[in-house]
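Inspection log for the structure reproduced underneath, given as structure tokens.
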Amino acid sequence: MRLLCITAGAAEMYCGSCLRDNALAAELISRGHDVELLPIYTPTRTDEVNVSRQDVFLGGISLYLEQYVPIFRRTPWFLDRLWNSKLALRLASRWSISTNPKVLGELTLSILKGEDGFQRKEIQKLVQWLLREPLPDVVSLPNSLLIGLAAPLKRALGRPICCTLQGEDLFISNLPEYHRREVEKLIRDNIKHVDAFIAVSQFHADSMASYLQIPDQKLYVVPLGIKMDDYESKTFTRSEPFTIGYFARVTPEKGLHLLAEAYRYLRQRGDLPSSRLTVAGYLGEDSRIYLQGIQRQMELEGFGDEFDYVGALNREDKIEFLGGLDVLSVPATYDEPKGIFLLEAMASGVPVVQPRRGAFPEILGLTAGGVLVEPDDKVSLAKGILSVYQDIDLATELSTSGQRGVREHYHVGLMADRTLDVFENI
């Protein structure tokens, strides 16, 4: 098949959606399919070989300028190349342009309006380029916030449109109320232009079907898949000191503060000897104060030397980091629909402890690689972690089951098989 897969760049951040889109495209390419992975907003950052195009459409700088400076809606296309260049977008990414929903409400609305929004010129550029290329069999959009592209692309190309659902409801829920209501309405109005929606978990399919009123016949579930090549099967052995890990974007909704509270609870009670709480993941400028507050509290209670943040990690460093953990927990305070970090940890033989919410029960139900605890409850979280520490047989069983379960249910080949089934069906 010839496939046009649009992916939304997240600047300098390792983004779960970008990793998923790139892994899927790479797997399909390896099978002989003709896949064009087209980044929008910014270039994508992945920890595997990046198979996306170098060119970026709907560049983040252009979108922003056209939203807030009317003259840029009429500038010649050749001039736009200056700020749509890869270098300009990379530089802008380092300035940490906000991705806060409260700041981006108007821009989100405008993009959802498609050709009726202020970014009409950028859509015209995309369509004109696509019409010079061989027509794809299917066009895939990366999330419902880009559903405004469905009608113009379908009209221009005459091809079916598929839209992935990857957790954008968290962004929508944090918009100011007026923007949130309008965004929800625009997405629902555009559902008729989409032939299929792919949810990354059964949980997310159920919640988004209700939330966006997606017809059952248009909704499919394709669980996430990761490339297993670099993950070696191993027998669980406890490290010294006992090491608790967190591997995700450092932001309040991912729950690092809860994990730190649970850690201090265990240490203050004497349930754990001197141990380690080690953190890895992207840290945006708007979350630096959040991390500093956690570090300060650890120091005030006498555990500063047992806490460290090691930054964002490439693939090699990520696998090494995970290999040094005894247990991983990302106690998200919202209903997380994905959880790639769980798959990566379990593929590394690391037991996980997660709140009973979102897609976590679904993932652990299939893999049996972790313990479920009550959401937003430091005591329950602490008890879950303690069970892994105290019971080496349990930890070994979780490690073995998790490695087997991820390889059976969440490998990239299975994700590609199921995606192709959806594309062929439409």
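Before moving on, here are some points about what is shown:
- Exactly one residue among 367, 396 is touching a residue at least 60 places away in the same chain (Cβ under 8 Å), more than 17 Å from residue 247 (Cα to Cα) and of a type in the set (Ser, Thr, Tyr), and that residue is 396.
- The residue that is surrounded by the fewest Cβ atoms within 10 Å (Cβ to Cβ), among those in region 21-32 that are out of contact with any helix residue (DSSP H, G or I) (no Cβ under 7 Å at 6 or more places or on another chain) and under 19 Å from residue 343 (Cβ atoms), is 26.
- Odd one out for residue 335 among (1) closer than 30 Å to residue 32 by Cα; (2) acidic (Asp, Glu); (3) assigned to a loop (DSSP other than H, G, I, E, B): (1)
- All of 379, 422, 353, 412 fail the test of being out of contact with any Phe, Trp or Tyr (no Cβ under 9 Å at 6 or more places or on another chain) and touching a residue at least 40 places away in the same chain (Cβ under 8 Å), apart from 412.
- Filtered by the rule that a residue be more than 26 Å from residue 394 (Cβ to Cβ) and not in a helix (DSSP H, G or I), region 225-253 gives 225, 227, 229, 230, 249, 250, 251.
- So residue 123, is it within 29 Å of residue 180 (Cα to Cα), at pLDDT 95 or above and either in a helix (DSSP H, G or I) or under 26 Å from the mean Cα position of the chain (by Cα) (or both): yes
- First in region 133-150 and part of a helix (DSSP H, G or I), second anywhere and charged (D, E, K, R) and at pLDDT below 95, Cβ under 6 Å, 6 or more apart: 144/168; 145/168
- Only strands (runs of 3 or more DSSP E) whose full extent lies in region 1-105 are considered here, and the ones with at least 1 residues that are more than 21 Å from the chain's Cα centre (by Cα) and modelled with pLDDT of 95 or more are 2-8, 34-41.
- Output for region 261-315, where each listed residue is in a loop (DSSP other than H, G, I, E, B) and either within 28 Å of the chain's Cα centre (by Cα) or of a type in the set (Val, Ile, Thr) (or both): 281, 282, 283, 284, 310, 311, 312, 313, 314
- Filter pass, residue 53 being touching a Pro at 6+ places or on another chain (Cβ under 7 Å), among the basic types (Lys, Arg) and under 26 Å from residue 316 (Cα atoms): yes
- Flag not set for residue 1, criterion: surrounded by fewer than 23 Cβ atoms within 10 Å (Cβ to Cβ), closer than 18 Å to residue 167 by Cα, of a type outside the set (Ser, Thr, Tyr) and in contact (Cβ under 8 Å) with a residue 12 or more places away in the chain.
- For region 350-383, residues that are surrounded by fewer than 24 Cβ atoms within 10 Å (Cβ to Cβ) and small (Gly, Ala, Ser) total 4.
- Selection from region 190-215 of residues that are of a type in the set (D, E, K, R), surrounded by fewer than 18 Cβ atoms within 10 Å (Cβ to Cβ) and closer than 16 Å to residue 141 by Cα: 192
- Output for region 210-226, where each listed residue is in contact with an Asp or Glu (Cβ under 7 Å, 6 or more places away or on another chain) and either among the aliphatic types (A, V, I, L, M) or assigned by TED's automatic domain parsing to the domain that holds residue 308 (or both): 226
- Candidate set from region 231-259 (those that are of a type in the set (Ser, Thr, Tyr) and in contact with a strand residue (DSSP E or B) (Cβ under 9 Å, 6 or more places away or on another chain)); member that is surrounded by the most Cβ atoms within 10 Å (Cβ to Cβ): 246
The values are calculated or read from the model by the stated rules, or taken from the named source; none is laboratory data. Everything numeric here is computed off the predicted structure, so don't read it as measured data. Using ideal geometry, Cβ is built from the backbone for each residue, glycine included, and neighbour counts are taken over all protein chains shown.
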